[in-house]
Number of protein chains: 2
Amino acid sequence: MNLLKQKIVTEGKVLSDSVLKVDGFLNHQVDPVLMQELGEEFASRFAGEGVTKIVTLESSGIAPSVMAGLSMGVPVLFARKRKSLTLTDHLYTAGVYSYTKNETNDISVSADYLSSDDVILVIDDFLANGQAADGLISIVEQAGASLAGIGIVIEKGFQNGGDVLRGRGIRVESLAVIDSLADGNVTFHTKEASL
Amino acid sequence: MNLLKQKIVTEGKVLSDSVLKVDGFLNHQVDPVLMQELGEEFASRFAGEGVTKIVTLESSGIAPSVMAGLSMGVPVLFARKRKSLTLTDHLYTAGVYSYTKNETNDISVSADYLSSDDVILVIDDFLANGQAADGLISIVEQAGASLAGIGIVIEKGFQNGGDVLRGRGIRVESLAVIDSLADGNVTFHTKEASL
């Protein structure tokens, strides 16, 4: 994933020891060529797992997920952060605390689009404390679906979300793992991200 | 756009004379193959317009926009419906009233990613009363950028947003135009959507 790491280094902005802003290519402005590459990489890593559907979270998870869905030939379901008037009944819901925004939001998925026959790949843009991933996993569990694993674009390896998930036996594939943002510098994890 | 119209007829749910729910392939669950087709169609219709960037609105505009951006070789900028703590300074903002949700939300774009040199294609999932399109156009104007036109996945031709925009001389390309949802049936406009 050289293109991703290159983008992080050249276009990412380290705002503090724990905050990396990647609004230039992932969270606000989106680079479609990079998204395609990320999608193909997720598809490659989870090939042969029998994935039937990708579940992600609006908004920043959508672009890499749709590209992964295209590569894998499966639909993408994005959880919504608030209910809309045209999405009312049969919801699976989980509470997700955001450290960045200092608030808890419910995320919801219509039960119409998840079944116990599904094998789900969860994809998200960031993994830090694992709050969003926990919420998405809860939704998969509520549906009685199987979890093939979690695909993450950027994991903050210095926060414990990834370790906790892997400790639960969940396969987590992060395309870039950051060990440190100290002194304004991005230091990547040198081993394979899938450890 | 046979695939789109086919999806609307077979998977869309007509909830009233004015509400069409397409959560099965566009607004909640996303069909990546359809999104690719929509993206290529937008790219084809706006080829030669010198588009430098696509501007859309989270969340449902992202998937077709990223596919269009991939086809056109340009980045995609999605407006946010609320401010986040890591997106604070230099915002272009517009108020958008949602008839579906009966509320007004600010939508915002970072000024870092729009300049007066840009030629913008605005893409959105639905066009009804034109509130979201107006907001996105306002943001393009605040940046002093040029507007190549507006690409819409589904236009409700029985509401006046499209007519008003075209009356202002703006090119609107809708991939499906619905003339009526009366009696639970979807009736498509028979002429070219780009009139």
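Quick notes on this one:
- Here the stretch A:145-164 is the region considered, the condition is being of a type in the set (A, V, I, L, M) and under 13 Å from the mean Cα position of the chain (by Cα), and the residue that is farthest from A:Tyr113 (Cα to Cα) is A:Ile154.
- 2 or more residues at negative phi, facing chain B (nearest Cβ under 10 Å) and surrounded by fewer than 23 Cβ atoms within 10 Å (Cβ to Cβ): qualifying strands (runs of 3 or more DSSP E) within the stretch A:1-114: A:103-110
- The listed residues are B:Gly144, B:Gly184, B:Gly130, and the only one of them that is away from chain A (no Cβ under 14 Å) and touching a helix residue (DSSP H, G or I) at 6+ places or on another chain (Cβ under 9 Å) turns out to be B:Gly130.
- Residue check for B:Lys81: among the charged types (D, E, K, R) and at pLDDT 95 or above: no
- Some residue of the stretch A:149-162 being more than 24 Å from A:Leu34 (Cβ to Cβ) and without any contact (Cβ under 8 Å) to a residue 60 or more places away in the chain: yes
- Only listed residue being more than 23 Å from A:Ile62 (Cβ to Cβ), of a type in the set (A, V, I, L, M) and modelled with pLDDT of 95 or more, chosen from B:Ala145, B:Ala132, B:Ala63: B:Ala145
- Condition check for A:Leu121: within 20 Å of A:Leu38 (Cα to Cα), surrounded by 23 or more Cβ atoms within 10 Å (Cβ to Cβ) and modelled with pLDDT of 95 or more: yes
- Being touching a Leu at 6+ places or on another chain (Cβ under 8 Å) and closer than 15 Å to A:Gly151 by Cα is a condition met by at least one residue of the stretch A:76-99.
- Scope the stretch B:1-56; condition over 29 Å from B:Ser108 (Cβ atoms) and of a type in the set (Lys, Arg); matching residues: B:Lys5, B:Lys7, B:Lys13
The values are calculated or read from the model by the stated rules, or taken from the named source; none is laboratory data. Only a predicted model underlies this, so the values are computations on that prediction, with no experimental measurement involved. Cβ sites come from the backbone with ideal geometry, for glycine too, and all protein chains shown count toward neighbours.
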